[in-house]
Amino acid sequence: MAIEYDPLSVTRRATADDETAVLAVDASVSASDPEGEEVLREAIRAGECLVCERHDRIVGVLVLKARRFYGRDFIEWLFVSPDARRQGVGRALMRAAIESATTPRVFTSTNRSNVAMQALLASEEWSPSGELDGLDEGDPELVYFRSRSGRSS
Ligand SMILES: CC(C)(COP(=O)(O)OP(=O)(O)OC[C@H]1O[C@@H](n2cnc3c(N)ncnc32)[C@H](O)[C@@H]1OP(=O)(O)O)[C@@H](O)C(=O)NCCC(=O)NCCS
């Protein structure tokens, strides 16, 4: 798979050779998040990690877990390198995830405090699905979904 959305970037499935670069995109993971590291390593092994590459550098990572959420595919991880934000990388990865999904609808979630992610979801016409309390104290998890064929179909 190699899906191109603009001439500068390529979005593709990560391979074992990408592991170091994938872990380096989110500096907090490589510095002190062994659980996050394991999530990313496992996703690469399982073929569930997508990356966006610009000029031969990985600048964004997305993990799409097959049938993880009530039998539906779930985007579990999305991170864009701080110096590559607001350049369409998150959008390209979200679109690639939908294209490679194994279920007709894809779900994801984000904290209510995460204004950037909510703006990205709104701009890509994801629909709100509900709200989960009790995960992060005082910061509910907002769940969203999108159909592969369009917003509400
Ligand atoms: C959320 C995140 C993935 C967005 O990635 P990105 O590559 O910067 O997003 P894009 O450039 O594709 O943005 C597409 C659209 O989303 C919206 N958007 C994205 N970031 C935004 C922000 N900080 N403020 C307002 N709108 C924003 C805009 O509508 C934007 O279009 P525009 O730039 O033409 O106005 C990125 O900020 C990130 O990695 N944050 C830290 C990790 C994180 O929160 N991940 C999500 C966890 S659930």
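Each value in this text was obtained by applying a stated rule to the coordinates, not by laboratory testing. Because the structure is a prediction, the values reported are computed rather than measured. Don't worry about glycine lacking a Cβ; one is built from the backbone with ideal geometry, like all the others, and counts go over all protein chains shown.
Charge tally for I44 (other residues, Cβ to Cβ under 10 Å; Lys, Arg +1; Asp, Glu -1): -2. Distance distribution P(r), region 3-147, all Cα-Cα pairs, bin width 10 angstrom from 0: 12, 42, 39, 7, 0 percent.
Placing a label point 7 Å from the Cα of S149 along the Cα-to-Cβ direction, the residues of region 93-126 whose backbone N falls under 13 Å from that point are 104-105.
This ranking places L93, L120 by how few other beta-carbon atoms lie within 10 Å of each, fewest first, which gives L120, L93.
Computed from label points 7 Å out along Cα-Cβ, the spacing between H55 and T15 is 2.4 nm. Applying both filters, DSSP loop and at most 10 other Cβ atoms within 10 Å, to the trypsin sites (Lys or Arg not before Pro) of region 16-102 gives R86. Straightening the chain between R45 and D139 buys 30.7 nm, computed as 0.36 nm per residue apart minus the Cα-Cα spacing. Remark: the chain carries a charge dipole of roughly 760 debye about the Cα centre, counting +1 on each Lys and Arg Cβ and -1 on each Asp and Glu Cβ.
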